[in-house]
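Asker: This is the structure I have questions about; it appears just below.
The values are calculated or read from the model by the stated rules, or taken from the named source; none is laboratory data. These numbers come from a predicted model, not from an experiment. Counting neighbours? That spans all protein chains shown, and the Cβs are built from the backbone with ideal geometry, glycine included.
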Amino acid sequence: MDVVRLFDCEDMDFTHYFYAEGDNYINCIEYMGEATRFCYTCPTHGDIEYKRYAKRSAKLAFYEFLSRLTGKTFPYGALTGIRPTKLAYMEIAEGRDYKKLFDLMHVSPENTEFVGRVIEVQRPFYAKKGGQELFISLPFCPTKCRYCSFITAPISSTKQYVDAYISCLEREIASLRPILRDVRSVYIGGGTPFAIETQQLGRVYAAINALNLPDCEYTVEAGRPDVFTEEKLQLSKDYGVNRICVNPQSFSDETLKKIGRNHTAEQTLTAYYMADKYGFDINVDLIAGLEGEEVGDFERSLDCAIGLKPANITVHTLSLKAGARLKEETRRLHVEGIGNMIALSRRKLTQAGYEPYYMYRQKYQAGGHENCGWALPGKACAYNIGVMEEISYNIAVGANAISKRVFAQQNRIERCASPKDIPTYIAKCDKIISDRLKLFGTQ
């Protein structure tokens, strides 16, 4: 169904037959009275591999069938998973050339090469895989963007919960002491963490500081430019934060209004230069495919971001996400020129000295493309690599936070998720603490 949705063919009437004969995985697709047979052959060892290859063969069969039927192709072919790099790493671990699998799955040569570039940048991080990444969720924003599916709501309607929420964070963070080992990074994400008051932000920093963590990468996804202040930046610096995210998404004032933001491009520049004075490594977020934008509009935003010379630039492809207003109003994303936008970002960022260091994909993403983080040499964000590639433990606190314990030898992950709803999270704080201790208590 992931592939069927990719081609926007859910309303078509198919009958699908599947069976296996030895190492042959047979899929037959019947449509309008005609049946087409597809055979995928791969040696299988055990039930886990059988299930993996059965699913892969079905995806491949439907991709080839629908591609012939509609004349459409997509940049990642029949790969519908979030992490193309993880699939490549699995092939490498088995002593196989992932490029052969990507070719079989109809991934474009450009994207196969692109995945290779990401893997190359990640090589030193994989050499030191393990350890823990600490995530703190502050799900508060000035307003909610049209494309956003996070649990955030305008802080004007959630303000009454902030102090109680931070009290729960303080308890959660303090409870982590017995289970912390080799913390590699700290990431305070949102929402827009700078949307809360300076004194409230200080309480979060103080709780983290009380853990006596070693010097490590320390990121605050400060967020929207209209909530930046010298006071919050100085506080962040004093508590050891060394990486800040400034997230304009676009440098077009017209676009910013359309997506539900109350700041201007000029405010983005002001926030950037304000943060730069404190010596932070800065990440700038952009979204390709925002409503009403053409290739030229996106290029101007890209040029603005590159001109600032931040340590990182993240290029997201617009995605329809459950819970977002855009998803409620739009059944499918058809963004004219989205492929050109992504190609442009790759070319210009490479020319400017950036390298892709992590990537992931989402469902209902315009044109079937990806989200990608780009970094100047030596400036890749360790947290993003560790968590996205699932090569370290992610210990996460706050509403909608998901802790993950990775069992690398067994190739499995166990999770512990907190409620999305803020009042529910506050009410269940004790149980969340207990469940996390059970998950990580036997390290």
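Asker: In the range 146-163, is there at least one residue being surrounded by 20 or more Cβ atoms within 10 Å (Cβ to Cβ) and modelled with pLDDT of 95 or more?
Answerer: no
Asker: Can you tell which of Ile179, Ile166, Ile196 is closer than 16 Å to Tyr393 by Cβ, crowded, with 17+ Cβ neighbours inside 10 Å and of a type in the set (A, V, I, L, M)? Before you say what the answer is, go through the steps one by one.
Answerer: Details: Ile166 fails: closer than 16 Å to Tyr393 by Cβ; Ile196 fails: closer than 16 Å to Tyr393 by Cβ.
None of the other options fit; the residue is Ile179.
Asker: Looking only at the range 1-11, count every residue that is surrounded by 13 or more Cβ atoms within 10 Å (Cβ to Cβ) and either outside the structural domain of Tyr53 (by TED's automatic domain parsing) or among the hydrophobic types (A, V, I, L, M, F, W, C) (or both) and tell me the total.
Answerer: So the first thing to find is which residues in the range 1-11 are surrounded by 13 or more Cβ atoms within 10 Å (Cβ to Cβ), and the list is 2-9.
Adding the requirement that they be either outside the structural domain of Tyr53 (by TED's automatic domain parsing) or among the hydrophobic types (A, V, I, L, M, F, W, C) (or both) leaves 3-4, 6-7, 9.
Selection size over the range 1-11: 5.
Asker: If I go through the range 99-118 residue by residue, how many of them are outside any helix (DSSP H, G or I) and more than 16 Å from Val4 (Cα to Cα)?
Answerer: Of the range 99-118, the ones outside any helix (DSSP H, G or I) are 105-108.
With the extra rule that they be more than 16 Å from Val4 (Cα to Cα), the set shrinks to 107-108.
The number of residues fulfilling the criteria is 2.
Asker: Still on this structure, I have one more. Within the range 269-291, can one find any residue that is touching a residue at least 40 places away in the same chain (Cβ under 8 Å), of a type in the set (Val, Ile, Thr), surrounded by 21 or more Cβ atoms within 10 Å (Cβ to Cβ) and not in a strand (DSSP E or B)?
Answerer: Looking through the range 269-291, none of the residues is touching a residue at least 40 places away in the same chain (Cβ under 8 Å), of a type in the set (Val, Ile, Thr), surrounded by 21 or more Cβ atoms within 10 Å (Cβ to Cβ) and not in a strand (DSSP E or B).
Asker: For the list (1) in contact (Cβ under 8 Å) with a residue 12 or more places away in the chain; (2) small (Gly, Ala, Ser); (3) at positive phi, I need the number of the one condition that Gly46 fails.
Answerer: Result: Gly46 passes all but (1).
Asker: So how many residues does the range 129-145 have that are modelled with pLDDT of 90 or more and of a type in the set (Gly, Ala, Ser)? Break it down stepwise before answering.
Answerer: Just the residues of the range 129-145 that are modelled with pLDDT of 90 or more, to begin with: 131-140.
Filter again for of a type in the set (Gly, Ala, Ser), leaving 131, 137.
Looking only at that region, the number is 2.
Asker: Let me ask something else. Mind counting the residues in the range 207-250 that are of a type outside the set (A, V, I, L, M, F, W, C) and under 20 Å from Leu376 (Cβ atoms)? Please lay out each step first, then the result.
Answerer: Narrowing the range 207-250 to residues of a type outside the set (A, V, I, L, M, F, W, C): 209, 212, 214-215, 217-219, 221, 223-226, 229-232, 234, 236-240, 242-243, 247-250.
Remaining after also requiring under 20 Å from Leu376 (Cβ atoms): 217-219, 221, 242-243, 247-248.
Matching residues across the range 207-250 total 8.
Asker: Out of Gln351, Gln362, I need the residue that is closer than 30 Å to Thr73 by Cβ and surrounded by fewer than 13 Cβ atoms within 10 Å (Cβ to Cβ). Which one? Working first, answer last.
Answerer: On the way: Gln362 fails: surrounded by fewer than 13 Cβ atoms within 10 Å (Cβ to Cβ).
Answer to the check: Gln351.
Asker: Something else about it: Considering each of Gly373, Gly367, Gly323 in turn, give the residue that is under 20 Å from the mean Cα position of the chain (by Cα), modelled with pLDDT under 95 and over 18 Å from Ile259 (Cβ atoms). Write out each step before concluding.
Answerer: Numbers: Gly373 fails: modelled with pLDDT under 95; Gly323 fails: over 18 Å from Ile259 (Cβ atoms).
Only one candidate qualifies: Gly367.
Asker: Within the range 214-226, is even one residue touching a Pro at 6+ places or on another chain (Cβ under 6 Å), more than 17 Å from Phe135 (Cβ to Cβ) and outside any loop (DSSP other than H, G, I, E, B)?
Answerer: no
Asker: While we're looking at this one, here's another question. Checking Gly378 against (1) within 30 Å of Ile338 (Cβ to Cβ); (2) in the same structural domain as Leu138 (by TED's automatic domain parsing), only one condition comes out false. Which one?
Answerer: For Gly378, the exception is condition (1).
Asker: Sticking with this one: Kindly indicate the residue of the range 27-65 that is small (Gly, Ala, Ser) and either within 31 Å of the chain's Cα centre (by Cα) or within 26 Å of Gln362 (Cα to Cα) (or both) and also surrounded by the most Cβ atoms within 10 Å (Cβ to Cβ) among those meeting that condition. Steps first, answer last, please.
Answerer: Our first condition is that a residue be small (Gly, Ala, Ser); within the range 27-65, this holds for 33, 35, 46, 54, 57-58, 61.
Narrowing the set further to residues that are either within 31 Å of the chain's Cα centre (by Cα) or within 26 Å of Gln362 (Cα to Cα) (or both) leaves 54, 57-58, 61.
On the way: Ala54: 17, Ser57: 22, Ala58: 21, Ala61: 24.
For the range 27-65, the residue satisfying everything is Ala61.
Asker: Only residues that are closer than 20 Å to Leu201 by Cα, touching a Lys or Arg at 6+ places or on another chain (Cβ under 9 Å) and part of a helix (DSSP H, G or I): list them for the range 233-268, please.
Answerer: The one that is closer than 20 Å to Leu201 by Cα, touching a Lys or Arg at 6+ places or on another chain (Cβ under 9 Å) and part of a helix (DSSP H, G or I): Leu233.
Asker: Could you tell me which of the residues Arg96, Arg68 is at negative phi, of a type in the set (D, E, K, R), surrounded by fewer than 18 Cβ atoms within 10 Å (Cβ to Cβ) and touching a strand residue (DSSP E or B) at 6+ places or on another chain (Cβ under 9 Å)?
Answerer: Answer to the selection: Arg68.
Asker: Further question on the same structure: Out of Tyr205, Tyr165, Tyr187, I need the residue that is within 27 Å of the chain's Cα centre (by Cα), part of a helix (DSSP H, G or I) and in contact (Cβ under 8 Å) with a residue 60 or more places away in the chain. Which one?
Answerer: Residue meeting the stated conditions: Tyr165.
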